[in-house]
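Structure first, commentary second.
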Amino acid sequence: MLPLLLASSSVYRRELLARLRLPFICASPDIDESHHQGESAVELVKRLAEQKARALAERHPDHLIIGSDQVAVLGERIIGKPHTFEKAREQLLAASGASVTFLTGLALLNSQTDTCQVDCVPFTVHMRPLDAATIERYLRAEQPYDCAGSFKAEGLGVTLFQRTEGPDATSLVGLPLIRLVDMLLIEGIQAP
């Protein structure tokens, strides 16, 4: 079995991958994550997931490298990580009573053969109507400023949801494990 490398510094992705109980290491890719002119959100996350994996291929020539990237889409607009309380409040006010679709790009690169599987897994969150006081309490309690869409689904963020829909709930946190297991099986790796 080729060793697994997670091309990410995200603690959330690390925790998700650990669920598969396969040994892996992590390394942070250094790439430009800019959105290209005319690029759809799906194209963006697929491109960035593959770029993250390929950015580490030279330093890790005999590995299976996992790259992942995620954006949240509200209407036609891509919303990213808010980084501040004010921007998080704006995002949650805009999402109140609406649906936010999370698109998670996933790539599995075999750096030995240079074959790369790439996919995008969608997951939609239908938000409750949120008032300013609820948003403020939530942001003060959770401080989800490093999360696309301004909430942590694995924490108190779930209290903001009316319902969810999608093929893989782990994609909402940033690493679609069901699709990853499919990709690993193609590479001859089974979990458990």
Sequence order, segment 160-169: Karplus ³J(HN,Hα) from phi using 6.51 cos²θ - 1.76 cosθ + 1.60, θ = phi - 60°, Hz rounded, Gly and Pro as x, gives 8, 8, 8, 6, 10, 8, x, x, 7, 4
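Let me make sure I get this right: for segment 4-186, a, b and c are the square roots of the gyration tensor eigenvalues over alpha carbons, sorted descending. Under 1.5 in a/c it's rounded, otherwise prolate if a/b > b/c, else oblate. Which is it? Present the calculation step by step, with values, prior to reporting the outcome.
Details: a/c = 2.05, a/b = 1.86, b/c = 1.10.
Prolate is the answer for segment 4-186, as a/c is 1.5 or above and a/b outweighs b/c.
Arranged by the count of other C-beta atoms within 10 angstrom, fewest first, what order do His63, His35 take? Let's see the in-between values first.
Working: His63 22, His35 15.
The most exposed by this proxy come first: His35, His63.
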Largest fluctuation, Ala141, Ala53, Ala107 only, Gaussian network model of the chain with Cα springs under 10 angstrom, belongs to Ala141
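Would you please classify the overall shape of segment 115-178 from the alpha carbon gyration tensor, given that a ≥ b ≥ c denote the square roots of the eigenvalues, rounded means a/c under 1.5, and beyond that prolate means a/b larger than b/c while oblate covers the rest? Present the calculation step by step, with values, prior to reporting the outcome.
Working: a/c = 3.14, a/b = 2.00, b/c = 1.57.
Verdict is prolate for segment 115-178.
Fewest Cβ neighbours within 10 Å first, please rank Phe102, Phe161 accordingly.
Values: Phe102 24, Phe161 15.
Fewest to most other Cβ atoms nearby, the residues stand as Phe161, Phe102.
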Under the 7 Å Cα-to-Cβ spin-label approximation, Ala133 and Arg19 lie apart by a distance in nanometres of 3.5 nm
Here the net charge surrounding Asn110, from other residues whose Cβ is less than 13 Å away from its Cβ (Lys, Arg +1; Asp, Glu -1), is -3
Checking Leu156, Leu48, Leu106 against a Gaussian network model of the chain (alpha-carbon springs below 10 Å), the top fluctuating residue turns out to be Leu156
Residues Glu50, Glu15 in order from fewest to most other beta-carbon atoms within 10 Å are Glu15, Glu50
GNM of the chain, Cα pairs under 10 angstrom: of Arg13, Arg54, Arg140, the biggest fluctuation goes to Arg140
Check: C-alpha center segment 83-100 vs C-alpha center segment 131-158, spacing in Å is 9 Å
Under the 7 Å Cα-to-Cβ spin-label approximation, Asp30 and Lys87 lie apart by a distance in nanometres of 2.3 nm
With Met1 itself left out, Lys, Arg at +1 and Asp, Glu at -1 over residues whose Cβ is under 14 Å from its Cβ give -1
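Write out the GluC sites (Glu not before Pro) in segment 66-158 meeting two conditions: DSSP loop, and at most 12 other Cβ atoms within 10 Å of their Cβ.
Details: sites: Glu76, Glu86, Glu90, Glu136, Glu142, Glu154; in loops: Glu76, Glu154.
Sites meeting the loop and neighbour criteria: Glu76.
No lab work stands behind these numbers, since they all come straight from the coordinates. Just so you know, these numbers come straight off a predicted model, no measurement behind them. Cβ sites come from the backbone with ideal geometry, for glycine too, and all protein chains shown count toward neighbours.
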